[in-house]
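Single-structure report; data block below.
The values are calculated or read from the model by the stated rules, or taken from the named source; none is laboratory data. These figures come from a predicted structure and were not determined experimentally. Please note: Cβ atoms are built from the backbone with ideal geometry, for glycine as well, and neighbour counts cover all protein chains shown. For accessibility, only protein heavy atoms count, side chains too; no ligands or nucleic acids. Shrake-Rupley method; radii C 1.70, N 1.55, O 1.52, S 1.80 Å.
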Amino acid sequence: MTRWMGGAALLGCAGLIIAVLLGEGGLSVAANIAQLVSIMPIGVALLLWLWQRPPAPTKVRLSDQIDVLSSAVTAQWKAENALRTQHGLIMPIHWRVTTRDEVQAHPATITKRPLFLLDAVADDLAGFVDDFRALSARRVVLLGDPGAGKTTAAVRILLALLAARTADEPVPVLVTAAGWDPNQDLRQWFITKLSSDYPALREAKALVEGGHVLPIFDGVDELPTAAQAAMITQVNRSFAAEPVILTCRTAEFTAAVHNARQVVDRAVVLEPEPLNGNEIADYLERCMPPRPHPGWAAVCRSLRSEESALRAATSTPLGLWLICEVYLLPRTEPDDTPLPFPDPMPLLRFDRGDDLIDALLHQFVPAVVASRPPSADANEPFRPRQRRDPERTERWLGYLATMMGTSRDLMWWRLTGGIPIQPARWPVWVLALIGGLAVAIPFGSQVWVTSPLFAVLFAALLGIVLTVLLGKTTLTALVDWQLESPASAEFRLRGRSEHVGRQVRAGVPVLVLSIVGIGAIGAVVASVSDDLSVPIFAGASALVLGLPLGLWAAGLITFTGYLAEPGGADSAGTPLQSWKAERALQDHLARKWRDDFSRQPESNR
């Protein structure tokens, strides 16, 4: 959009000077106009810098921002951790220091303690926090095969660090690495990601540069192969000797270290130990209802006594979690009639662990739908509000997965972008042309008697510039709204004087640009006419046309910016509230489109 505006402005400036050259006054008038036009961008740029330059962050402001970030991260990942926890129980996964020396820095650079003493047990991370603080640079890499629980471990580590955090320790923030472009500086990308994920922050850059944030880059393996190696290089360069945590699959990280020809400096690498049969059986028994199906006795006995496909499948958190979801959650019929728990004996009939996982995934969606009946309770935001059909639900989820591609970030506000809306272009350009001519013709008519050629060229060039600006701006807005991030409409004025002042400062340069620009156009017209005084006509143009247009544009920018600017953490809405508001808007637009479409004749559809 900025390129279009800049190009249109340059075209307009060049056109004005050419038009003056062709009119009366020749080179002398053209020189004066060129000087005027060249000074305008400098003045506007200076005003933008003075009005929009953010104040330098103070210790008090940074302290408030740290509290805001800590509260937001805690609320976000507490809810996520609750969804990842079954029956209130944590799987007993042990994370040990890797034995792969080729992927880890020299022990002497990591900690003064013996590395084999580091043990992050998933159900008790208090000891891990102490070990983490004892690391020289507090840098950790979590490795594991698919379904090993790397992300869940990262979430629980984040919450443990937040719970034990002191005032001088950074706030851990987890982001998915899949969105990083290796051509972009990792530190700058993280600052941008922090600002977009937590819009209540005003000093994201200052927080990162001041060492007040601990980045957790989750899913490095989801990057392209070349980008995985670049991630290691960028971590060592952009976050050298700073605390950082990474998660990645073992094979991909090993290849990335080989391709990058370097490890993550001063970082300890942890890997999970596979769950043994006794641990699996004990966990399943704790998750069982008071009166479990009789077949569970044989299943647990098999887990404790022999190697099997069942033990292989449940040796990772993913397989164990799937069994609990499919077999150990109470289900109901569509009429809320309780269903009996399924027979677990089919779990013993598989010869390969992968085949059992595939079967569990096939049963997963129907099991989740049956185990989560609708609820109208506002305290259960993740329960459905109506009964869903399993087949349709699975089809919808497949469509969403296709839309997401390789990303794990489901941006619900971009769901409407799945079927892009292509607005009709000709009505937009017709309206833009009418608006451009409505402004250009009055100016051109002022010098028609003195110089008809100048009047025609001037009106034509000014009309083209305004038409391009109006048309392109409108079309871009109609298409890009689908990709806009969610915003809140905050009408409360009390306690938001700082927000109002910030948005007013954003609108003032637009007001000044409108007054100066329209005044300059008036000066050009008056310089060619024999009957017009340059100062009087320029001033009149600025006041009569430039001032109203500027006030309208600046007021619109101030008002919409104020409404959309997020408040503090205390006024932030829940994701469900934001999703409901967005869905209501989309439903309204869909109904309006359907009504308009139904009114059209059959021949026009």
Pick out, from the stretch 96-215, the strands (runs of 3 or more DSSP E) lying fully within it that include 2 or more residues that are in contact with a His (Cβ under 8 Å, 6 or more places away or on another chain) and open to solvent by 20 Å² or more (accessible area, probe 1.4 Å).
119-121
Of the residues A226, A230, A255, which single one is under 27 Å from I93 (Cβ atoms), open to solvent by 10 Å² or more (accessible area, probe 1.4 Å) and in a helix (DSSP H, G or I)?
A255
Among the residues of the stretch 123-147, what is the count of those that are in contact with a strand residue (DSSP E or B) (Cβ under 6 Å, 6 or more places away or on another chain) and more than 11 Å from L270 (Cβ to Cβ)?
1
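Listed here are the residues, each with its yes/no results for (1) within 30 Å of the chain's Cα centre (by Cα); (2) at positive phi; (3) at pLDDT below 85.
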| site | (1), (2), (3) |
| --- | --- |
| R84 | yes, no, yes |
| P92 | no, no, yes |
| W95 | no, no, no |
| T99 | no, no, no |
| Q104 | no, no, no |
| R138 | yes, yes, no |
| T152 | yes, no, no |
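Residue by residue, here is whether (1) under 21 Å from L125 (Cβ atoms); (2) over 41 Å from the mean Cα position of the chain (by Cα) holds:
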residue: E242; (1), (2): no, no
residue: P274; (1), (2): yes, no
residue: W296; (1), (2): no, yes
residue: R311; (1), (2): no, no
Going through the stretch 236-252 in order, the residues found to be open to solvent by less than 10 Å² (accessible area, probe 1.4 Å) and part of a strand (DSSP E or B) are V244, I245, L246, T247, C248
